[in-house]
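**Student:** My questions all concern the structure below.
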Amino acid sequence: MTSTVEPNRVADGSTRTAPVAELAMNETPYPPLPSVLRLVREGAERLNRYPDHNSGALVAALAARLGVPAAQVLVGPGSAGLSQHIVASLGPDRPEVVYPALSFEGYPLIVANAGARPVPVPLDGYRHDLRAMADAVTEQTRCVLICNPNNPTGAVLGRAEIEEFLDRIPPEVVVIVDEAYREFVTDPDVPDALDLYRDRDNVCVLRTFSKAYGLATLRVGYAVAPPRVAAAARMVGLVFYPGGLGQTAALACLDEEAGVELAARRDELVVARTRLRDGLLAAGLPVAPSEANFLWLPLGPAALEFADRCRRAGILVRPYPEQGVRITVGTAEANERVLTVARDTGRQVSGE
């Protein structure tokens, strides 16, 4: 997305103005779906009314859509908020939470807020090291967090390897599968975590309307969890429910019309993702394969320098010091500006 104009300092110390392209937050570059936006505008007339704290209509619609009991559906403030509710509800007898590192930067905070002890497990390249994560599970483990596709690397896990991993996890240890970027996946080997949930009684699935559906401001996510987990997590999150507009918009996202609109936008973004990755590779920069709406550049020590080059060009990306840079796929104009910086960087590295 393109935001307001602000000054940027260039190499010679002077300043200039350029539209700032926000490519650091993993937001969709598209506005809300037209069919959803109409209902939100109508709902604005009811801002003086409290929302349904049970999110009853949305829970019922999700249960019907997903083919699960309504009692096992949780609605809350985004997938991250629901993750917090679930992790907190599982304590305190088991103090440890196993999660991949490098992954969603909120996981360490979620673990800390739940009064748990973090057990980060390094990635195997760009992907979760599931064997090492299973090895890290002990009688002290409260739960395991999996991010598929992984944020920030965009890597995915296939069905067979996840099932092998789950076979090694004791049934009393909950596995939370974070699928915030599920809608962008095109790899047929990536399983729908709901299938894993149906086969086992220790799997929870997290999803959100913030990313592909374009409702980031409204912060609505949902979880599907086994009965014992859902009941406890619902009590933890009792006062943290989405507002009325968020519930209205999320409900509209489940309509058939919105589904058609979403499919078209997803296809458009996948094409843009491929073009951006091809352009970055052609510029001589390393880029990991991605099944999300962002790309991971494993630049190592050069990460901050590249991010600063982007900033001076009016592009905000997400640097991870000494590791890499995450770039959200944006509009065609924003993506081309990223490629201009990448080409300039590539030429300087090659000495041209």
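The values are calculated or read from the model by the stated rules, or taken from the named source; none is laboratory data. No experiment lies behind these values; they were computed from the predicted model shown. Neighbour counts run over all protein chains shown; Cβ positions are idealised from the backbone, glycine included.
**Student:** Collect the residues in segment 285-296 that are over 15 Å from GLY330 (Cβ atoms), of a type outside the set (Val, Ile, Thr) and either touching a Gly at 6+ places or on another chain (Cβ under 8 Å) or surrounded by 17 or more Cβ atoms within 10 Å (Cβ to Cβ) (or both), keeping them in residue-number order.
**Tutor:** Residues of segment 285-296 that are over 15 Å from GLY330 (Cβ atoms), as a first pass: 285-289, 291, 296.
Narrowing further to those that are of a type outside the set (Val, Ile, Thr): 285-286, 288-289, 291, 296.
Those that are over 15 Å from GLY330 (Cβ atoms), of a type outside the set (Val, Ile, Thr) and either touching a Gly at 6+ places or on another chain (Cβ under 8 Å) or surrounded by 17 or more Cβ atoms within 10 Å (Cβ to Cβ) (or both): LEU285, ALA288, PRO289, GLU291, TRP296.
**Student:** On to the next question. Can you find even one residue in segment 276-297 that is within 30 Å of SER35 (Cα to Cα) and among the basic types (Lys, Arg)?
**Tutor:** no
**Student:** Step by step: first the residues of segment 13-53, then only those that are among the hydroxyl-bearing types (Ser, Thr, Tyr), under 27 Å from ARG337 (Cβ atoms) and modelled with pLDDT under 90, then the one that is nearest to the chain's Cα centre (by Cα). Which residue is that?
**Tutor:** THR17
**Student:** Let me ask another. Given the options ARG182, ARG159, name the one that is of a type in the set (Lys, Arg) and surrounded by fewer than 20 Cβ atoms within 10 Å (Cβ to Cβ).
**Tutor:** Going through ARG182, ARG159 in turn, just one is of a type in the set (Lys, Arg) and surrounded by fewer than 20 Cβ atoms within 10 Å (Cβ to Cβ): ARG159.
**Student:** A further question on this structure: State whether the residues of segment 261-271 include one that is modelled with pLDDT under 95 and within 30 Å of TYR50 (Cα to Cα).
**Tutor:** yes
**Student:** Under 9 Å by Cβ, and 6 or more places apart or on different chains, what pairs join a residue from segment 153-178 that is at positive phi with one that is surrounded by fewer than 22 Cβ atoms within 10 Å (Cβ to Cβ) and part of a loop (DSSP other than H, G, I, E, B)?
**Tutor:** GLY154/TYR126; GLY154/ALA288; GLY154/PRO289; GLY154/GLU291
**Student:** Within the set of pairs 6+ apart or on separate chains, which have a first residue in segment 36-65 that is among the polar types (S, T, N, Q), a second that is surrounded by 11 or more Cβ atoms within 10 Å (Cβ to Cβ), and C-beta atoms under 6 Å apart?
**Tutor:** SER55/VAL75; SER55/TYR241; SER55/GLN247
**Student:** Against the condition over 16 Å from CYS204 (Cβ atoms), surrounded by fewer than 18 Cβ atoms within 10 Å (Cβ to Cβ), among the basic types (Lys, Arg) and at pLDDT 95 or above, how does ARG65 come out, does it pass?
**Tutor:** yes
**Student:** So which residues in segment 316-337 are touching a Gly at 6+ places or on another chain (Cβ under 9 Å) and closer than 20 Å to ASN151 by Cα, if there are any at all?
**Tutor:** Within segment 316-337, GLU322, GLN323, GLY324, ARG326, ASN335 qualify.
**Student:** Next up: Please state which one of ALA60, ALA71 is assigned to a helix (DSSP H, G or I) and touching a Pro at 6+ places or on another chain (Cβ under 7 Å). Outline the logic, then answer.
**Tutor:** Values: ALA60 fails: touching a Pro at 6+ places or on another chain (Cβ under 7 Å).
Just a single option satisfies the conditions, and that option is ALA71.
**Student:** While we're looking at this one, here's another question. Could you check how many residues of segment 187-202 are within 22 Å of the chain's Cα centre (by Cα) and outside any loop (DSSP other than H, G, I, E, B)?
**Tutor:** So the first thing to find is which residues in segment 187-202 are within 22 Å of the chain's Cα centre (by Cα), and the list is 187-197, 202.
Keeping just the survivors that are outside any loop (DSSP other than H, G, I, E, B) gives 193-197.
Matching residues across segment 187-202 total 5.
**Student:** Taking segment 215-237, which residues are more than 23 Å from LEU166 (Cα to Cα) and out of contact with any Lys or Arg (no Cβ under 8 Å at 6 or more places or on another chain)? So that I can check it myself, show each step before the final result.
**Tutor:** Taking segment 215-237 first, the residues more than 23 Å from LEU166 (Cα to Cα) are 215-221, 234-237.
If the condition is that a residue be more than 23 Å from LEU166 (Cα to Cα) and out of contact with any Lys or Arg (no Cβ under 8 Å at 6 or more places or on another chain), then LEU215, ALA216, THR217, LEU218, ARG219, VAL220, ARG234, MET235, VAL236, GLY237 are the ones that fit.
**Student:** What number of residues within segment 19-57 satisfy the criterion of being among the acidic types (Asp, Glu) and not in a loop (DSSP other than H, G, I, E, B)?
**Tutor:** Of segment 19-57, the ones among the acidic types (Asp, Glu) are 22, 27, 42, 45, 52.
After this cut, where a residue has to be not in a loop (DSSP other than H, G, I, E, B) as well, the list is 22, 42, 45.
Residues meeting the conditions: 3.
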